[in-house]
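Engineer: Here it is, the structure in full.
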Amino acid sequence: MYPDYQSKFPELGFYGLPGHTRSPRDILKQAQDAEALGIGNIMISERPDYKEVSAICGAVAAVTSKMFIGSSATNLNKRHPTVTASMASTLHRLSEGRFALGLAKGVAAGWRARGMQPINYKSEREFIDLMRRLWSGETIRDYDGAVGKYPVLSLAQYLNEAMPILYVGFGPKSLEHAGRVYDGTHLHTFMNDKALSDSVARVRAGEVAAGRKSGEVKNWSVYATCCDVSEETYLRHIVARLASYLQIPGYGEMLVQINGWDPEVLRSFRESVAVRKVGGFIDSVATIAQLAEIERIIPQEWRPAAVGNARQCAEAWLTQFEAGADGIIVHASTPEEFAPVLAEYEKIRPVSLFAGRTNRPG
């Protein structure tokens, strides 16, 4: 029904509105700039302030014509199943076949604090199955399972939609599970090369266990990039973002575990005066002076990212493919900021790796 959209760099995507924003309208220029550069995907995260994902994805669909647009991610228990299914089918048609539904499980403690049940593997599997059945026009009656209890789940009988479903996360068991049931993965920012390779291997093991063809699931490295930036920008884009991840109970521990970092350093980080006096998520409220203090307590080896001049950043991008990634989602920088890196990357791009690739992310 829709064409196989193909941009100049189908293996590259970027995070729209990276991190905290108070001006979501910035996404319009970012999306248009990226499409003009030949970027194949734009992925959009969700926050409960000015980043409601369906609204932003709809805006991007209106101002682009080739790039795939993905939620990266929304949580599968935030909305009634038919609301999520309808959101996705609407964005699929609105974008003329360019939408991918990215899902994340979130942190169990956070859901309990909101009076909601945490997501487990069974509810995840059943939710994905419900999405695919609803998109095929099926009416599901008397569902009583891990997702909830619903007398009727239905969109419309005439629906016949097929869109990628992507897993956004990084837990070892979760990635093996993703290889069984998802079409693609978004692996976490600030993974070192070994963590990235191990994560891809777990997805591949899940594919094999489920009887799928190895390599069917596309694995995307979400890779922070800072090209020729000022110290202030580095603090905002790298230090603040990493520090916010480390703040979150459970989340920080998992990031430390998969990278083989020292958990005592994480404990010291959280207990430090520099962190405790911020009074909120670091990337949302910390001042530059506070970030400078925080930087001193985060080891340099905890910051795997593309940092330096344009050539150095382009060479760092290549390391992600060498570690097993199928694609890169550029994080922390806008298209205007990473354009010089793209120019250098084109000179050393391993063209044969991407022959025949389309923008479809999964």
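Each reported figure results from applying straightforward, stated rules to the coordinates on display, with no laboratory input. Since the model is a prediction, treat every value here as computed from it, not as a measurement. Using ideal geometry, Cβ is built from the backbone for each residue, glycine included, and neighbour counts are taken over all protein chains shown.
Engineer: Considering Cα pairs under 8 angstrom that are at least six residues apart, work out the relative contact order of region 230-304 and quote it in whole percent. All intermediate terms of the calculation are to be shown ahead of the outcome.
Structural biologist: Values: 57 pairs, mean separation 29.4, N = 75.
Averaging sequence separation for qualifying contacts and normalising by length gives 39 percent for region 230-304.
Engineer: Residue farthest toward the positive end of the dipole of the chain, with Cβ of Lys/Arg at +1 and Asp/Glu at -1: which of 15, 150, 320?
Structural biologist: 150
Engineer: OK, next. Most exposed first by the Cβ proxy, i.e. fewest other Cβ within 10 Å, how do 1, 131 rank? Walk me through the numbers before you get to the answer.
Structural biologist: Values: 1 8, 131 22.
Going from least to most buried by this count: 1, 131.
Engineer: Got a sec? Charge dipole of region 230-304, +1 on Cβ for Lys and Arg, -1 for Asp and Glu; which of 234, 299, 281 is way out at the positive end?
Structural biologist: 281
Engineer: Expressed as a rounded percentage, what relative contact order does the chain have, with Cα pairs under 8 Å and six or more residues apart?
Structural biologist: Numbers: 682 pairs, mean separation 73.4, N = 362.
Over the chain, the number comes to 20 percent.
Engineer: Provide the convex hull volume over Cα atoms per residue for the chain, in Å³. Walk me through the numbers before you get to the answer.
Structural biologist: On the way: hull volume 46.9 nm³, N = 362.
Taking the convex hull of the Cα positions in the chain, it is 130 Å³ per residue.
Engineer: Dipole size in debye (nearest 20) for the chain around its Cα centre, Lys and Arg Cβ +1, Asp and Glu Cβ -1?
Structural biologist: Values: 41 positive and 40 negative charges, 180 e Å.
It works out to roughly 860 debye.
Engineer: Put +1 on the Cβ of every Lys and Arg and -1 on every Asp and Glu Cβ in region 1-128; which of 73, 116, 3 then has its Cα farthest towards the positive end of the dipole?
Structural biologist: The Cα lying farthest towards the positive end belongs to 116.
Engineer: Which of 288, 27 has the fewest other C-beta atoms within 10 Å, and how do the rest follow up to the most? Display every interim value, and only then the final one.
Structural biologist: Working: 288 11, 27 22.
Exposure proxy ranking, most exposed first: 288, 27.
Engineer: At 222 nm, what value in deg cm²/dmol follows for the chain if DSSP H runs of at least 4 each add -39500 (n - 2.57) and the sum is divided by all its residues, to the nearest 500? Walk me through the numbers on the way to the answer.
Structural biologist: Values: 16 runs with 158 residues, N = 362.
When only DSSP H runs of four or more count, the value is -13000 deg cm²/dmol.
Engineer: Also: Could you tell me what % of all Cα pairs in region 1-82 have separations over 15 Å?
Structural biologist: Working: 1817 of 3321 pairs.
Result: 55 percent of Cα pairs exceed 15 Å.
Engineer: Also, I was wondering about something else. Expressed in nm², what is the orientationally averaged projection area of the convex hull enclosing the Cα positions of region 230-304?
Structural biologist: Details: hull surface 17.9 nm².
Projected area, direction-averaged: 4.5 nm².
Engineer: If one computes the Cα centroid of region 334-352 and of region 80-134, what distance in Å separates the two points?
Structural biologist: One Cα centre to the other: 33 Å.
Engineer: Now for a different question. Quote the charge dipole size of region 35-128 about the Cα centre in Debye, to the nearest 20; the model charges only the Cβ of Lys and Arg (+1) and of Asp and Glu (-1).
Structural biologist: Numbers: 12 positive and 7 negative charges, 59 e Å.
Its charge dipole is roughly 280 debye.
Engineer: Separation between the residue 292 and residue 121 pseudo-spin-labels, each 7 Å from Cα along Cα→Cβ, expressed in nm?
Structural biologist: Distance between label points: 4.9 nm.
Engineer: Next question. Placing +1 at every Lys and Arg Cβ and -1 at every Asp and Glu Cβ, with all other atoms neutral, what dipole size does region 230-304 have around its Cα centre, in debye to the nearest 20? List each step's numbers first, then the result.
Structural biologist: On the way: 8 positive and 10 negative charges, 37 e Å.
In total the dipole reaches around 180 debye.
Engineer: Lysine pairs in the chain with Cα distance under 23 Å, only those 8 or more apart or on different chains: how many are there?
Structural biologist: Taking the Cα cut-off of 23 Å, the pair count is 26.
Engineer: Among 241-247, 142-148, how do they line up from the highest to the lowest mean number of other beta-carbon atoms within 10 Å? All intermediate terms of the calculation are to be shown ahead of the outcome.
Structural biologist: Working: 241-247: 21.6, 142-148: 14.4.
Per-residue mean Cβ counts within 10 Å order the peptides as 241-247, 142-148.
Engineer: Within a 10 angstrom radius of the beta carbon, how do 180, 267, 236 rank from fewest other beta carbons to most? Mind showing how you got there, number by number?
Structural biologist: Numbers: 180 18, 267 13, 236 21.
Ascending number of Cβ neighbours within 10 Å: 267, 180, 236.
Engineer: Between residue 146 and residue 112, 0.36 nm times their residue separation minus their Cα-Cα distance comes to what? Walk me through the numbers before you get to the answer.
Structural biologist: Values: separation 34, 0.36 × 34 = 12.24 nm, distance 1.64 nm.
Computed gain between residue 146 and residue 112 is 10.6 nm.
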